[in-house]
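**Q** Dropping the structure in here first, questions after.
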Amino acid sequence: MAKSRRGVQFQHRTNGDANGRRPDTSEDTSDPGSPSRLSADGKAESEQPEISEYEKKKQTFITRTIWTLIMIGGFFIAMFSGHIYIIGVVTALQIISFKEVIGIAQVPSRARNLPFTRSLNWYFLGTTMYFLYGESVIYYFKHIVLVDRVLLPFATHHRFISFMLYVIGFVFFVGSLQKGHYRFQFTQFAWTHMALYLIVVQAHFIMNNIFEGMIWFFLPASLVITNDIFAYICGITFGRTQLIKLSPKKTVEGFVGAWILTIVFGFAMTNVLMRSKYFICPVNDLGANIFTGLSCTPNPVFIPQAYTLPSFLFALYPSTFQIAPMQFHILVFATFASLIAPFGGFFASGLKRTFKVKDFGESIPGHGGITDRMDCQFIMGFFAFMYYQSFIAVYRQSVGGVIEMAIQGLTVEEQVEVVKGLAKYLVNQGQVGGKVLECLGGELQLRR
């Protein structure tokens with residue numbers, strides 16, 4: 001059978017003109033508003049108007065603005081609804097961020113079907129969250145967890161249980177190693193642990209900030225957001241000098257201008273938040289919201305104090321003024337949010353350039369992924385927790401701490417003596433009736 005030769009064109013019989021074209025007898029079905037033109041071979045083509053660069057930027061700006069307002073609105077609704085809701089939001093954000101960071105790693109097609117490759121990533125995430133969330137719950141709610149018959153074993157052996165869960169995952173990882181895929185599997189193992197440290201561990205401290213008081217969560221987060229906005233405004237207004245090559249659009253002028261404006265914003269916002277006990281009180285009721293509020297003895301950092309300035313510096317003005325110490329601390333918070341936290345974003349930019357991706361994901365239209373919006377928040381929340389624990393927290397003995405010491409450090413007989421002693425003290429102080437002591441003593445004798 002003869003083979004057709006490549007590159008040979010056969011002339012087709014046609015009833016067209018001298019040039020061999022057939023007359024177009026088809027009806028014109030194109031839209032009246034869609035102009036048509038002849039292509040190189042003479043065929044009619046529909047000319048689609050191209051979207052200008054200005055229109056693209058305009059559509060992106062509109063989409064970005066709409067979703068920004070949606071995110072801000074949802075954030076405030078969750079925050080005012082109660083601590084449990086904002087904890088749920090933070091939990092969802094860290095899970096999605098972990099998924100996005102794990103997802104940008106290039107997975108070879110021949111390695112995608114390896115057993116436990118993806119499952120182990122999520123297993124280690126669950127194990128880490130169990131350990132960190134358990135630590136927070138036991139620390140802040142000892143008075144609930146340690147007196148419950150079911151929860152007590154999990155609380156007293158929490159760290160050992162968490163360790164064994166991790167060891168199980170480690171054993172499964174070693175058992176799943178396959179020849180020819182060692183480099184990929186160990187790379188995935190290291191990549192997973194890096195993501196756990198940079199996202200889940202730092203998000204854990206953000207969670208603790210919420211338990212310490214809503215102000216320690218909201219204030220750092222708002223400082224980062226406003227600093228980003230101020231940096232954009234100052235940058236496009238008078239930015240000239242490039243700040244860092246990882247983010248070519250960042251300028252020194254925008255960086256410094258945003259720092260100054262963030263400090264001003266921090267002073268104003270702190271003055272507002274200090275007036276609400278819902279923000280400054282630690283969590284003692286997970287069912288509380290902005291309407292029910294919280295009650296506590298305010299931390300001294302929120303109480304205005306008198307400060308005296310050297311008279312030779314202010315000879316014409318009063319040298320004594322009243323200000324809350326928190327207004328001095330906000331200088332440090334605003335400075336960190338302006339000068340250090342942006343490097344979390346630069347780190348994320350370098351990570352994206354390494355894997356040649358524009359965004360971590362497409363979770364938020366116009367913004368990219370959740371990680372693109374949270375890259376600075378994680379390190380800021382970590383700093384807020386460390387600074388608060390080092391310079392602001394007031395350490396008092398709590399009911400949960402006393403119960404923990406009694407359970408773990410005393411025998412049953414000694415615990416009974418403590419109960420009797422507390423009951424006698426309350427009777428002598430007139431806080432409870434004498435019958436309580438009689439009933440309690442009789443019941444304790446009966447139980448023995």
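**Q** Starting with the fewest neighbours, write out 157, 367 ranked by other beta-carbon atoms found within 10 Å of each beta-carbon.
**A** Ordered by Cβ neighbours within 10 Å, fewest first: 157, 367.
**Q** Report P(r) for the stretch 47-96: all Cα-Cα distances, bin width 10 Å, range 0 to the bin holding the largest distance, values in whole percent.
**A** Taking every Cα pair in the stretch 47-96, the percentages come to 22, 31, 21, 16, 8, 1.
**Q** Hey, what D do you get for the stretch 393-442 in µm²/s if you plug the Kirkwood alpha-carbon radius into Stokes-Einstein at 20 °C and 1.002 mPa s?
**A** 175
**Q** Sum up the charges of everything whose Cβ sits under 14 Å from the Cβ of residue 344, counting Lys and Arg as +1 and Asp and Glu as -1, but leave residue 344 out.
**A** 0
**Q** Using only C-alpha atoms and all pairs of different ones, pull out the Kirkwood radius for the stretch 94-199 in Å with one decimal.
**A** Roughly 15.4 Å, rounded to one decimal.
**Q** With 10 angstrom as the radius, rank 158, 204 by how many other C-beta atoms surround their C-beta, starting from the fewest.
**A** By the 10 Å Cβ count, ascending: 158, 204.
**Q** For the stretch 322-328, in order, what is each residue's ³J(HN,Hα) by Karplus, 6.51 cos²θ - 1.76 cosθ + 1.60 with θ = phi - 60°, in whole Hz (x at glycine and Pro)?
**A** Rounded to whole hertz, the list is 9, 7, 6, x, 4, 5, 7.
**Q** Something else now. Using just the alpha carbons, could you tell me how many Å³ per residue the convex hull of the stretch 177-260 encloses?
**A** That works out to 113 Å³ per residue.
**Q** Computed over the Cα atoms of the stretch 205-336, what is the convex hull's projected area averaged over all directions, in nm²?
**A** Projected area, direction-averaged: 11.4 nm².
**Q** Let me ask something else about it. Give me 329, 193 sorted ascending by neighbouring Cβ count inside 10 Å, so fewest comes first.
**A** Sorted ascending by nearby Cβ count, the order is 193, 329.
Every number in this text was worked out from the coordinates using simple rules, so none of it is lab data. Remember, it's a predicted structure, so these values are computed and weren't measured experimentally. Here Cβ is always computed from backbone atoms with ideal geometry, including for glycine, and neighbour counts include all displayed protein chains.
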